[in-house]
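All remarks here apply to the structure that follows.
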Amino acid sequence: MVLDACLARGTKRKFSQRTLFQLNFCSRSKVKIHAIELDDASTTVSQSGPNNGSLCVTNRKSDDVRGFEAYTNNRCEVPLNSEVMQTYRIGSTENPVTDDRINYRVDLASLLPENEMSTYDIDKNVDDISGLFLETFIVGRRFGDEVELTTGASVLLLRDPDNVKDPNAVKVLSADCGCSKMLGFLPRELAQFLSPLMDKFCLTFEGSITSVPKHASAVVPIQIVCQDKLRCGERDCDNLHALERLWKHALCVAESAKNHPPSVPKYQQNFIVLIQEVLRSDPHLFTDDEKNFLGTFTSLLEDSQRLFVRLYSRKGPWFRRSNISYPEVLDCEQAIKDLSAAGYISSIESIKELQKNELKEVLNVLTVSELREILCMLNEKCSRGTRKQDFIGSLLSAYDKGLCPLLQSIVLKKTGACVQTSVMAESLIWRAERLFFLNGEQDLSAFLLVDLGIVKYPTYNCITLDHIFSGQSDLLSYEESIEVAQIMDESLDENNSELALRCIEMADSCISSSLKATYPSTSPLKIPFLSCFSALWVYSKVVMLGVSFLEHAQRYNDAINLLRRLLNNFTSDRRRGYWTLRLSIDLEHVGRLDESLSVAEDGILDPWVRAGSRVALQMRVLRLGKPPRRWKTPSYSDSVKRKIAEVHVQGRPLNCETGMKSIFYGQDGEQCGVEQLALQYYSGEGGGWHGVHTESGIWLTIFGLLMWEIIFADVPNVFRTRFQMVHNFAMHVCAGLYLYVTFCGCTLGCMPMETWYCASTLTNIYLLSQVWAALFFRSITFLLQTAPLDMETDGFYEARKSLTEPLLQKIHDGMAEEILITSWGLHEGTACRGVNWEKHSLSELRAAVTCIGGPCLASLCRHLAQDYRSWSSGMPDLLLWRFHGDYRGEAKLVEVKGPRDRLSEQQRAWLLFLMDCGFNTEVCKVTPAPVSI
């Protein structure tokens, strides 16, 4: 079967079908980082032994999420709770872009508590640190003067407080022959502790070069020593204590650097840490052979490790062997041989090794001119177009028809030997990335986002009591379900009805068989908010897509059967409202009105049917349940049919086409949408209101800021990784995203993101990143935002009720503005679900919470906390406010509708709820002004 063949390929690709809006099980982003040097952060948590009764926990209460590889040797032993598997602290601050990239980052000031300082005891007294040596490195050599280095050459340290990149910067100068030429800087992590010693205690440091690297820009190992003693006037208790802590932290940083010397590129360190952590936290999800395979990576030569990470991070899959060259890989040929022997890459060197299904992939290695040349050699013409894929299609078509049997040999003669990452390596590392990040959007580039300061992760504790996957069979079933979902996605892209139906059939069958197999089982069920990591959940998404596919094909009876099985099989699921509504609608389509009415009535009684779905079903019952089908009027009739205040605004339209967004001329004569026209009306004759067009955005931002400590509270299992990101359903960026930018007045146009990574040096990568990072990654970071895994479940409120209610009481009592200001100051720029730092200013948020008032705001926050998923969309378009004096005001929420628009059920549900809470709400209908004749 076609589907079986697709599954057998084992290929994993990033989704591009927008209908899989909440799946996002991409294997590897098409936006690939070709050459990355970045920092990262980690926490090592592992059981010391199978029966030793202790848990090895790395203290990671750090202000920087970068450099987690440096933490792995700073562990503390704690008693092992029989339930607790992992717990660690994650923190982050803004990480400015620096050109002085160091290969380890750690804030040991917060890393080591007082009682653990004894690990780094000093033999001498703290007032006599003179003569003590520190081994470190000179970094940032390219910023220094050109000086010929020699082993044993003297150096001295000089503070550089005016450094715009780092006010703690310490320069390293040459002390020989009286020429104080700058050689570079101390690593940032060490400088943050030595700089206060030099500033506050006036200590001086000198040293010598211990070895000279081969490359001029490489880090230089040095040994430094303090030349001074603490002056008598500075030997009070506080000064001695401060000196002791700073010096011990400096020792700690230097010790950490020994295990991770800066000569190792960051992308290499990041990759190793990712693999090691997955093997440490989830060893039960790999076979012994798989663990041995991944474990051998660290035993490979440095060149081999770097080359593999480089190739894995590129688009591929095939690469010309002759074109593989990287400045940090000294011997590419030997690295290729070692990787091939270890099974990490495979190669094609002769026609015997080139399989027919690999021909298209190898053809992609050729340039357009080379493809055109081959076509000319074969006397073939490309009648499909002039793009690269058109030429490849023409060649493959001629090959399939037998017109060019020598195509394989001609292609290999052009390309020469080619290499690609092996199937096993690709599959296992794909699995490791998914286990590390727990989503399909992130990859190694997540470290780069932190290094560039684009993403700042919040501080939270990871407390892991349960595995997400109980065993390898559970994980493999999940992976296979993702494969089916990806094939379903491809079939929808290509309008392949046969393959789509096969996917639907398979998903439906797997759901039925899985439920039958688990029904008699007495084993504990998966935690509800972890159920999305199950094959059953993924297959249900495929079936949902199948329902839409069948409805579009007007196969309503088949859609009805699928919906009934979904409702029967998933009895406690938030999606039941949508399924019930679709089932009622499809039954009406086939003329089964009585059944449609009964389904709607039953759905209203279902506790899992909420918000807009519930209102939609209520409206259907009122419409279908008229006599003679039903004689009794439902009790909710008056409530759902309540009159919502309306205001009518007239404007001069620019377009009146159906299906087009309504455009009007504003009061200033400029073109605008209906929302902007309404804002102009309310700011003038509508009452002098201030306001913003925000829909749900400002409310979710206010909720996130007010409830910050609740969202990131210590709750087991809800935070699993240091880079935890969840999908923001308000935005979705499809795979193969192209960047449209104008730079220096020149339009770069539609450029594939991988083109930006073609630079051959790490420096170019960082220079190019300045151009696209702000434009591209800002949208990506809003697509993925940090939140606990249970945020969209009923368990979110229940697990935090004891913390939530006291905070809501403070909000009710009028402390919202104070909480908001404090939260903004502490967390500005930090990734949090729903919080949009750029769109909403602090002054707007303060005005909003002040004018809304405590009781209404507390009700809204409680509502979102109890059911974030159902109520995080559909809020009114406009939030308006106006002050009466300095500290009192009023607010109004307005839903704006154009000439042909009507309220959706979700919007009506919100307006009715807000009215119940005491909000001032109304609908503003914008209509064209009558034309005078």
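Overview of results
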item: For the range 874-890, Karplus couplings with θ = phi - 60° (6.51, -1.76, 1.60), whole Hz, Gly/Pro x; result: x, 6, x, 5, 10, 10, 10, 8, 8, 9, 10, x, 7, 10, 10, x, 9
item: Phi to ³J(HN,Hα) by Karplus 6.51 cos²θ - 1.76 cosθ + 1.60 over the range 431-443, Hz, x for Gly, Pro; result: 5, 4, 4, 5, 5, 6, 9, 6, 7, x, 9, 9, 8
item: Heavy-atom surface of the range 830-912, accessible at 1.4 Å and reported per residue (Å²); result: 37
item: Two-site label geometry, residue 498 and residue 320: point separation in nm, points 7 Å out along Cα→Cβ; result: 3.8
item: Accessible solvent surface per residue of the range 347-487, calculated while the other protein chains remain in place, 1.4 angstrom probe, Å²; result: 42
item: Carbon and sulfur %, accessible surface of the range 254-349 computed with the full protein complex present, 1.4 Å; result: 47
item: 5 angstrom amide H check on residue 927, placed H, neighbours 5+ away; result: 649, 650, 651
item: Förster radius 22 Å - calculated FRET efficiency between residue 887 and residue 685 (Cβ-Cβ, nearest 0.05); result: 0.25
item: Cut-off under 5 Å, modelled amide H: who pairs with residue 717 long-range; result: 463, 464, 465
item: Under the Karplus curve 6.51 cos²θ - 1.76 cosθ + 1.60, θ = phi - 60°, whole-Hz ³J(HN,Hα) for the range 896-901, x wherever Gly or Pro sits; result: 9, 10, x, x, 10, 9
item: Relative contact order (%) - the range 832-894, alpha-carbon pairs under 8 angstrom, separation at least six; result: 34
item: Accessible area, probe 1.4 Å, largest first, for residues 682, 636; result: 636, 682
item: Placed amide H near residue 921: partners under 5 Å, 5+ positions off or other chain; result: 893
item: Two-site FRET efficiency, residue 143 against residue 531, from Cβ-Cβ distance with R₀ of 51 Å, rounded to 0.05; result: 0.45
item: Virtual paramagnetic centre 7 Å along Cα→Cβ of residue 901, amide N under 13 Å, in the range 675-702; result: 675-679, 693-696
item: Accessible surface of residue 685 - all protein chains present, 1.4 Å probe, nearest 10 Å²; result: 150
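The values are calculated or read from the model by the stated rules, or taken from the named source; none is laboratory data. Quantities reported herein were computed from a predicted structural model and do not represent experimental measurements. Glycine also receives a Cβ, built like all others from the backbone with ideal geometry; neighbour counts cover every protein chain displayed. Areas reflect the complete protein model, heavy atoms only, side chains present, ligands, DNA and RNA absent. Shrake-Rupley method; radii C 1.70, N 1.55, O 1.52, S 1.80 Å.
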